[in-house]
1. Condition first: of a type in the set (A, V, I, L, M) and assigned to a helix (DSSP H, G or I). Now tell me which residues in segment 61-87 satisfy that.
2. Kindly indicate the residue of segment 1-14 that is closer than 20 Å to residue 67 by Cα and either aliphatic (A, V, I, L, M) or buried (at least 16 other Cβ atoms within 10 Å of the Cβ) (or both) and also modelled with the highest pLDDT among those meeting that condition.
3. Among the residues in segment 30-49, are any touching a Pro at 6+ places or on another chain (Cβ under 9 Å), modelled with pLDDT under 90 and not β-branched (Val, Ile, Thr)?
4. Give me the residue from segment 50-77 that is under 20 Å from residue 11 (Cβ atoms), in contact with a helix residue (DSSP H, G or I) (Cβ under 7 Å, 6 or more places away or on another chain) and not aliphatic (A, V, I, L, M) and, out of that set, most open to solvent (accessible area, probe 1.4 Å).
5. Please count how many residues of segment 36-49 are in contact with a helix residue (DSSP H, G or I) (Cβ under 8 Å, 6 or more places away or on another chain) and assigned to a helix (DSSP H, G or I).
6. Only residues that are polar (S, T, N, Q), closer than 17 Å to residue 16 by Cβ and free of Cβ contacts under 8 Å to residues at least 12 places away in the same chain: list them for segment 31-78, please.
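The values are calculated or read from the model by the stated rules, or taken from the named source; none is laboratory data. Everything numeric in this text was worked out from a predicted model, so none of it was measured. Backbone-built Cβ (ideal geometry, glycine too); neighbour counts: all protein chains shown. These area figures cover heavy atoms from the full protein model, side chains too; ligands, DNA and RNA do not enter into them. Shrake-Rupley method; radii C 1.70, N 1.55, O 1.52, S 1.80 Å.
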Amino acid sequence: MIEDLKIIIDNHGLFLILFFSGVLFGVVAQKMVDNKPVKPYMKRIAVAGMTMSITLSLNKIIGHLSAEYLYPWSPVIGFFGEAILETINQKRYGISTGFLELLLERLGFVKKDKGDDNGKTSQK
């Protein structure tokens, strides 16, 4: 496994650096859109690394896209990677949470309380 990693870095090192920087840009842009602080930086780097590894793993299994197609999409991947992480953590109260709640409500998984001012949801 270490030898495979060395071969990947030797053959695609520049692509990995550029792809990571694009994903990190998308993660930081998501925080800027939400008017939230970008700090802590280590968390943003970890989220970008996690998003990048998931994307490249799924691409290896499902997509088989080349570097010229993946790199332009790296900021978008980072943007939505951060949004999905925040939605899972229930710290995000923006467009994606509203869309996710609407989708789950329409599918019948979540029932929205009509009388509550906060619009809290409860599972069925």
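1. 61, 62, 67, 70, 76, 77, 83, 84, 85
2. Among them, the one singled out is 14.
3. yes
4. 71
5. Matching residues across segment 36-49 total 5.
6. 53, 57, 59, 66 - these are the residues of segment 31-78 that are polar (S, T, N, Q), closer than 17 Å to residue 16 by Cβ and free of Cβ contacts under 8 Å to residues at least 12 places away in the same chain.
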